[in-house]
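**Student:** Encoded as structure tokens, here's the structure I'll be asking about.
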Amino acid sequence: MFIRGLQAFLLTAVLCLSPLRAHDAKLHKGNATPGEIVSIAGSTVVVKTAKATLNVVVDKDTKFEMGDQAVDLSHFKAGDKVTVIGTKLATGELAAKEVVMTMAPAKTKAKAAAHDEAHHDH
């Protein structure tokens, strides 16, 4: 009985952790560049990295991921933490194959308070 329970636990743990591992940017092909979105204008996403601010060029073939969901560029906004997988061009721009959201920006205390107030029954 103990062995069967342990097996079930281990299987559950593996299945639950697999989606996290599958979206680890290090597992994607290409160079991974982590950063924060500064702005989005047309097919250019400006991303601030630890070393510089880069223009990231996206096109119809760029894949976008948020958690385990395939999404499009409209799901991203300034402040989002992302990892861009792509190729650096001679111009210094980064041609994105994939853009993976690593963390959405945290709500500010004021926004959180306003949200709570608006949805709180009096």
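**Student:** How about segment 33-85: which of its residues are assigned to a loop (DSSP other than H, G, I, E, B) and more than 16 Å from T102 (Cα to Cα)?
**Tutor:** Step one: of segment 33-85, the residues assigned to a loop (DSSP other than H, G, I, E, B) are 42-43, 49-52, 58-62, 67-68, 72, 76-80.
The answer is G42, S43, K51, A52, V58, D59, K60, D61, T62.
**Student:** For segment 16-31, indicate whether the set of residues that are modelled with pLDDT of 95 or more and over 19 Å from M103 (Cα atoms) is non-empty. Break it down stepwise before answering.
**Tutor:** Pass one, segment 16-31, residues modelled with pLDDT of 95 or more: none.
Checking segment 16-31: not a single residue is modelled with pLDDT of 95 or more and over 19 Å from M103 (Cα atoms).
**Student:** In segment 47-85, which residue that is without any contact (Cβ under 8 Å) to a residue 40 or more places away in the chain and acidic (D, E) is surrounded by the most Cβ atoms within 10 Å (Cβ to Cβ)? Full working, then the answer.
**Tutor:** As a first pass, look at segment 47-85 and keep what is without any contact (Cβ under 8 Å) to a residue 40 or more places away in the chain: 48-53, 55, 57, 59-64, 66, 69-76.
Checking the rest, the ones that are also acidic (D, E) come to 59, 61, 72.
Working: D59: 9, D61: 9, D72: 11.
Residue satisfying both the conditions and the ranking: D72.
The values are calculated or read from the model by the stated rules, or taken from the named source; none is laboratory data. Because the structure is a prediction, the values reported are computed rather than measured. Methodologically, a virtual Cβ is constructed for each residue, glycine included, from the backbone with ideal geometry; neighbour enumeration extends over all protein chains shown.
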